[in-house]
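The values are calculated or read from the model by the stated rules, or taken from the named source; none is laboratory data. Since the structure is predicted, the reported quantities are computational estimates derived from the model, not experimental observations. Note that we place each Cβ from the backbone using ideal geometry, even for glycine, and neighbour counts take in every protein chain shown. Areas reflect the complete protein model, heavy atoms only, side chains present, ligands, DNA and RNA absent. Shrake-Rupley method; radii C 1.70, N 1.55, O 1.52, S 1.80 Å.
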Amino acid sequence: MRTITDIKEMQNYSKEQKRNRKIIAFVPTMGNLHAGHISLVKTAKRKCDILVVSLFVNPTQFGAGEDFDSYPRIFKEDIIKLEREGVDIIFYPSEKEMYENSKTSVYVDEYSSILCGISRPSHFRGVTTVVAKLFNIVKPDIVLFGEKDAQQAFIIRKMVKDLNFDITIETREIIRESNGLAMSSRNSYLTDIQRKQASHIYKSLIGAKDLIRNGERDIENIKNYICKIIKDSGIEKIEYIEIVDDNNFNLIDSINGSVRILIAIYVGKTRLIDNIKVDV
Ligand code: PAF
């Protein structure tokens, strides 16, 4: 396994692999790797000749007052995990390498200002900008993302289509802790009590899925059901509970076809998101 920190070196490496007709798979991350990331890495490994993982805590996707400074940076632990999975290249650039004198950003209109984009207005611009840059640097054929960040994955697919990146985007199901809590780098901020409270997010989603499967079609009834379970667990701050058409991420007022229920809440100061797909 080799660590590359320089953009030109990464680009030249990838060009050479392409000349040799190698398939490059890529898993972009901000490090602090958990089982969700590792599962993406394992899947990616089966699909390629060369596997690249990036570790870069991207400053432009954090808003003022968010956890950019305290975001866990555990490079040494991360590389041990990645070496075990047979990763070929770790791309580990500095902030200066990625952004010095940068004036350009990529923004996917409409979808970046709904759901998480309401409370985090600059977040998705930061994500799409860094992901577009990483695509141009790593030159992957296949890129894997987790479905926990379902809005992010949708927006990235849209960017890839709109900007004609010749890249296949694949997503994989959420990996959960044994109590149902979706794996997230931010789970490490939770106390034991908060972790227990947070497990009710998934319980509410599973319950809502059952309600829909048993014929409930009223969006407000479904949202109220979720809200009650979450509030009963002691979680006080719900940012949103929304239901979208899973094919186009439009908010819906009636259920038919595949929908996705999405939630953002705060447990203490920690913001958590989760979602579930329901096929009707
Ligand atoms: O999902 C993440 O970890 C980040 O948003 C990503 C895609 C690595 C971009 O910084």
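Take the conditions within 11 Å of the ligand (Cβ to nearest atom), open to solvent by 30 Å² or more (accessible area, probe 1.4 Å), outside any strand (DSSP E or B) and not aliphatic (A, V, I, L, M) and apply them to K161. Does it pass? Please lay out each step first, then the result.
Numbers: within 11 Å of the ligand (Cβ to nearest atom): no; open to solvent by 30 Å² or more (accessible area, probe 1.4 Å): yes; outside any strand (DSSP E or B): yes; not aliphatic (A, V, I, L, M): yes.
Considered against the rule, which asks whether it is within 11 Å of the ligand (Cβ to nearest atom), open to solvent by 30 Å² or more (accessible area, probe 1.4 Å), outside any strand (DSSP E or B) and not aliphatic (A, V, I, L, M), K161 comes out as no.
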Filtering the stretch 164-180 for residues that are touching a residue at least 24 places away in the same chain (Cβ under 8 Å), in contact with a helix residue (DSSP H, G or I) (Cβ under 7 Å, 6 or more places away or on another chain) and more than 13 Å from the ligand (Cβ to nearest atom) leaves a count of 6
The stretch 133-148, residues that are open to solvent by 10 Å² or more (accessible area, probe 1.4 Å) and in contact with a Leu (Cβ under 7 Å, 6 or more places away or on another chain): G146
When you go through S94, S119 one by one, which is the residue that is within 30 Å of Y240 (Cα to Cα), more than 13 Å from the ligand (Cβ to nearest atom), of a type in the set (G, A, S) and in contact (Cβ under 8 Å) with a residue 40 or more places away in the chain? S119
With criteria (1) surrounded by fewer than 19 Cβ atoms within 10 Å (Cβ to Cβ); (2) within 20 Å of the chain's Cα centre (by Cα); (3) within 26 Å of A25 (Cβ to Cβ), S184 comes up short on (1)
Would you confirm, using the coordinates I've provided, whether G36 is at positive phi, touching a strand residue (DSSP E or B) at 6+ places or on another chain (Cβ under 7 Å), in contact (Cβ under 8 Å) with a residue 40 or more places away in the chain and surrounded by 13 or more Cβ atoms within 10 Å (Cβ to Cβ)? no
